[in-house]
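Every number in this text was worked out from the coordinates using simple rules, so none of it is lab data. Given the structure is predicted, the values throughout are model-derived calculations rather than measurements. Using ideal geometry, Cβ is built from the backbone for each residue, glycine included, and neighbour counts are taken over all protein chains shown.
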Amino acid sequence: MNKAITEGLVLMPPPFAAGLSLWSRGDGIPGSGSYAGQPNAAFVPNDADFTGCLELQKADSVQKLRCFQQIPFQPGLFLRVTARIKAVAGPLAAVRIAGFAARSNGTAVPGITTTGPATQLTTYGQVVEISAIIASGARTGVTLNWGREPVYAHLGLDLTGTNGGIVRIDDITVEDVTSVFLREMMDWVDVRDYGAVGDGIADDTAAFEAADTAAAGRTLVVSKGTFRLGGDLTIDSPVRFEGRVTQAAAQRLVLRRNFDLDSYTSAFGTETEAFRKALQALFFNADHVALDLRGRRVDLTGPVDVAAIAGVTTFEIRRLITNGMLSAAASPAWTPATATSLATYNRAAPTTLSAVANIANIAVGAHVTGNGVGREVYVRSVNVAAQTLELSQPIWGFQGSQTFTFTRYRYMLDFSGFTKFSKFELTGMELQCNSIASGILLAPSGDTFRMAISSLTKPSDRGITSHGRGCQDLIIDNCSFVSAEETLLAQNRRTIVFNVNANDAKIRGNRAARFAHFGIVGGSTHIFLGNHFFGGDDATLGVRRAGLVFTNPTPHAIITGNYIDNSHIEMSNEHDANPEFDNEFSFGGMTVTGNVFVSISVSSAFRWLVLAPKGPGHFLTNMSVTGNTFRTFSGVIDRVDMADTTVAALDYSRFRNIVFNNNTFHGVTQTTQSPVVFEHVQNTESATWVVSAGAFLPFAARARTVEAVATKGAVTTAGNVTIYDNPNTLSEQGASLNQVHLRWSQAVKGRALVTLRCDNPN
């Protein structure tokens, strides 16, 4: 590279033949004296060794010779200054290349060396050549490292030593020798050539920026050393790190052409710091939506506070982390924080705890437990001044003051610092919690958080937690969840894969093994498709727990094509501050179709579908259970459904639009159907036939409606006379109101196919 050619820079000082008025006896700055008319200087047109030269007698302790011409100086430009000189008479002087480095305003650049090493003249008439290379970086072969600040220079030489000696000096040359150091054919630019020091102390940010600009598409090389970046830096060029960089936590390094974990690891030296810095850049740089971990593992010694790293509290532009593993490494930072506090709960403010003692020690995102508190209730926000907490869900079974426990689990990825956070994805990732960390804590609000084709292994407490409504449109696709509690009996497990408070979750194609629960689901309009979740153990006649718990009585959920293994579906209203029915929507709005339900070695009391109201007056409407397979191994169960009336009973008189049919049953003593077609056989004449088909009806419901009665064969009197009249029907008969009476005009016997149902279909 030769900028004298490529950029038209005028580097060569004037020849002495052009006049000594062009040469300064000072630093070359305006106002310094020239050599024109000086008694100790003369132009010699003919010399045996030089074609025109300056004859100069040394008269000062340092006899300076500088051109008045401003020689351009640029970062990345290497200038070689050469002088040929010989002693003519008198004391022999020493000679050195020297110059004046100037800012754009003409003032001297301080703190730099402006003179090269001196060469002693030893023989009269011997031509001696001296030279020095001046550049902005400390490269091997550079005589004078001037950094990036100078804009131009006045160049020449100095004579030192005893006064009185006479020398002759050939025309001084200045040439661009950048090609010696950085040829244009090279596809890289070294940051040191643009003033980077690499001592870990000097701020090399500006040098990196200059080198990046000069690279113009070529690779930027960060050579060996430790380079401190004192500010934010974006590198547009491809970059290769041989050395390392250091940077304050709040400052960003954006590698636009190398946005992956390997490049950041090369820059910062460790995967952990690299991940944090790359994650920081992900939320700053609009050029990249995905951070590729390149199949690498990142060990985390504590939770990653994503909002703190990002430096923002709201982010709603799609971002993605992909193709790698995050692994929790042993550290006290993973230990959950637990606080107990006396607090007051009033159902009139259903998501507020007031008069909270010790509130400063309660963290946002803490799990709340206490008398009457439903599953998966968390602290959404804390107001220390008002001594109030905002809860993610209401409390169903308590009002007044009591002591609550607040447990803040430690999550590998913690998004709770965001106010709102949307459109974030993890794909092709493994979160290896190693039984010491939880997985992901979502933001308090936001939508479309997606985890896909990933695994979350051995969480210590929770997999994916929502402590607010950051679970709106939560998407979990084709993921594997492996419990840290696989060896425990089902009833002793405490880890949960995920919870939802908001609406529209899509949970599809996942596998979850041996957790306490697969999901605790609030909100509504959810889709569960093609999942396999199982909660069994090796105990004989073991206890089984819910795989899915719906805490909104009307979830409007679709549960289709799942493999529900040694666990059940529970419908509850435990997130209702007033759990008794009060003219609201009651239980229902669920479609359960095409699933495979399996149990192994369970008690005969086990059920796959459980309805558990937390207050009186509730009923069931608009529910469809069709096309499912129910199968037991190593034993049988009584039936597949039950109403858990431990807290409150159901109002069976208000059941409506319940469809429970076209299912298959294996190892189930009593099948469940509604409508059910029941063949009643009346062997003795009676005017009232008592049809006892209530055992078929779901959730111990009543026989509310008779849809049809069709006789099968002849209906005859005691005299064996066939009659042809139709009976009238009475539903909700018997002590349990689950019988139907067929009333005839006289005592008859025979057979009838009775279609009855547990509800009013309209």
*Given Ser381, Thr646, Ser341, which one lies farthest toward the positive end of the charge dipole of the chain, if we put +1 on the Cβ of every Lys and Arg and -1 on the Cβ of every Asp and Glu?*
Thr646
*asked:* Going Cα to Cα from Lys506, which lysines come in below 22 Å? Please leave out same-chain ones fewer than 8 positions away.
replied: Lys420, Lys423
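Taking 8 Å as the Cα distance limit and 6 or more residues as the minimum spacing, I'd like the relative contact order of the chain as a percentage.
Working: 2293 pairs, mean separation 43.5, N = 762.
Across the chain, relative contact order equals 6 percent.
Treat the count of other C-beta atoms within 10 Å as a stand-in for reagent exposure and order Lys506, Lys224 from fewest to most.
Numbers: Lys506 16, Lys224 10.
The order, fewest Cβ neighbours first, is Lys224, Lys506.
For the cross-link pairs Lys712/Lys749; Lys277/Lys458; Lys58/Lys86, which exceed 21 Å when the distance is taken from alpha carbon to alpha carbon?
Lys277/Lys458
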_Whole-Hz couplings from phi, Karplus 6.51/-1.76/1.60, listed for region 83-90; x for Gly and Pro_ = 9, 10, 9, 9, 7, 10, 7, x
*For each of Tyr194, Tyr152, count neighbouring Cβ atoms within 10 Å of the residue's Cβ, then give the residues from fewest to most.*
Tyr152, Tyr194
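Convex hull over the Cα atoms of region 171-262, averaged projected area in nm²?
Working: hull surface 28.1 nm².
Across all orientations, region 171-262 yields a mean hull projection of 7.0 nm².
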*Could I have the simple spin-label model distance between Ala286 and Asn46, label points 7 Å from Cα toward Cβ, reported in nm to one decimal?*
7.3
*Once every Cα of region 337-408 carries one equal point scatterer and solvent is ignored, give the base-10 log of I(q)/I(0) from the Debye formula at q = 0.19, 0.24, 0.26 Å⁻¹, two decimals.*
-0.61, -1.05, -1.28
*Using amide H atoms built 1.01 Å from N in the peptide plane, name the residues 5+ places from Arg494, or on other chains, whose amide H lies under 5 Å from its own.*
Ala516
*Please report Asp725, Asp47 as a ranked list, fewest other C-beta atoms within 10 angstrom at the top and most at the bottom.*
Asp725, Asp47
_Magnitude of the charge dipole, the chain, Cβ model with Lys/Arg +1 and Asp/Glu -1, debye to 20_ = 880
_So if I restrict to the alpha-carbon atoms in region 120-206, what is the Rg, and what is Dmax, the biggest pairwise distance, in Å?_
17.4, 52
*Which FRET efficiency value, to the nearest 0.05, do you get for Thr314 and Ser480 by plugging their Cβ-Cβ distance into 1/(1 + (r/R0)^6) with R0 = 30 Å?*
0.40
_Taking only Cα atoms of region 3-181, radius of gyration then Dmax in Å_ = 15.6, 45
*Report the label-to-label distance for Thr716 and Arg751 in nanometres (one decimal), using points 7 Å from each Cα along the Cα→Cβ vector.*
1.4
*What does a probe at Thr626 reach in region 632-660, counting residues whose amide N is under 11 Å from the point 7 Å along Cα→Cβ?*
659-660
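Please work out the Cα convex hull volume for region 536-648 and give it in Å³ per residue. Could the numbers behind the result be given before it?
Details: hull volume 10.7 nm³, N = 113.
Hull volume normalised by residue count: 95 Å³.
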_5 angstrom amide H check on Phe597, placed H, neighbours 5+ away_ = Ile564, Thr629, Phe630, Arg631
*For region 195-327, what is the Kirkwood hydrodynamic radius in Å, using each pair of distinct C-alpha atoms?*
15.0
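Per-residue ellipticity at 222 nm for the chain, helices alone: DSSP H runs ≥ 4 residues times -39500 (n - 2.57), over residue total, nearest 500 deg cm²/dmol? It would help to have the intermediate numbers written out before the result.
Working: 6 runs with 44 residues, N = 762.
Computed mean residue ellipticity for the chain: -1500 deg cm²/dmol.
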_Only helices at least 27 Å long along their own axis, judged from Cα atoms, and with Kyte-Doolittle mean hydropathy of 0.0 or greater: name those in the chain from DSSP H._
none
*asked:* On a full-extension model of 0.36 nm per residue, what is the gain between Leu737 and Ala216, subtracting their alpha-carbon distance, rounded to one decimal in nm?
replied: 179.0 nm
*Along region 665-676, what does the Karplus equation 6.51 cos²θ - 1.76 cosθ + 1.60 (θ = phi - 60°) give for ³J(HN,Hα), rounded to whole Hz, x for Gly and Pro?*
10, 9, x, 10, 5, 10, 6, 10, 8, 6, x, 10
*Using θ = phi - 60° and Karplus 6.51 cos²θ - 1.76 cosθ + 1.60, couplings along region 530-541 (whole Hz; Gly, Pro as x)*: x, 8, 10, 10, 9, x, x, 8, 9, 6, 7, 6
*Among rounded, prolate and oblate, which fits region 604-762 when a ≥ b ≥ c are the square roots of the eigenvalues of its C-alpha gyration tensor, a/c under 1.5 means rounded, and a/b larger than b/c means prolate?*
prolate
*Interatomic Cα distance distribution for region 676-757, bins of 10 angstrom, percent*: 20, 52, 23, 4, 0
_Estimated distance in nm for a label pair at Ala250 and Val596, the labels positioned 7 Å out from Cα along Cα-to-Cβ_ = 5.7
*asked:* Can you tell me which aspartates and glutamates have their Cα less than 14 Å from the Cα of Lys614? Leave out same-chain residues fewer than eight positions away.
replied: Glu570, Glu574, Asp576, Glu580, Asp582, Asp644, Asp651
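Suppose every K and R has +1 on its Cβ and every D and E has -1 on its Cβ; what is the size of the dipole of region 3-181 about the Cα centre, in Debye to the nearest 20? Mind showing how you got there, number by number?
Details: 13 positive and 13 negative charges, 65 e Å.
Approximately 320 debye in magnitude.
On average, how much area does the Cα convex hull of region 467-583 cover when viewed from any direction, in nm²? Before the final figure, lay out the partial values.
On the way: hull surface 31.2 nm².
Spelled out: convex hull of the Cα atoms, projected over all directions, averaged, 7.8 nm².
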*Could you pull out every residue, at least 5 positions away or on a different chain, whose amide H is within less than 5 Å of the one on Val177? Hs are placed 1.01 Å off N in the peptide plane, and Pro or chain starts have none.*
Phe78, Leu79, Arg80
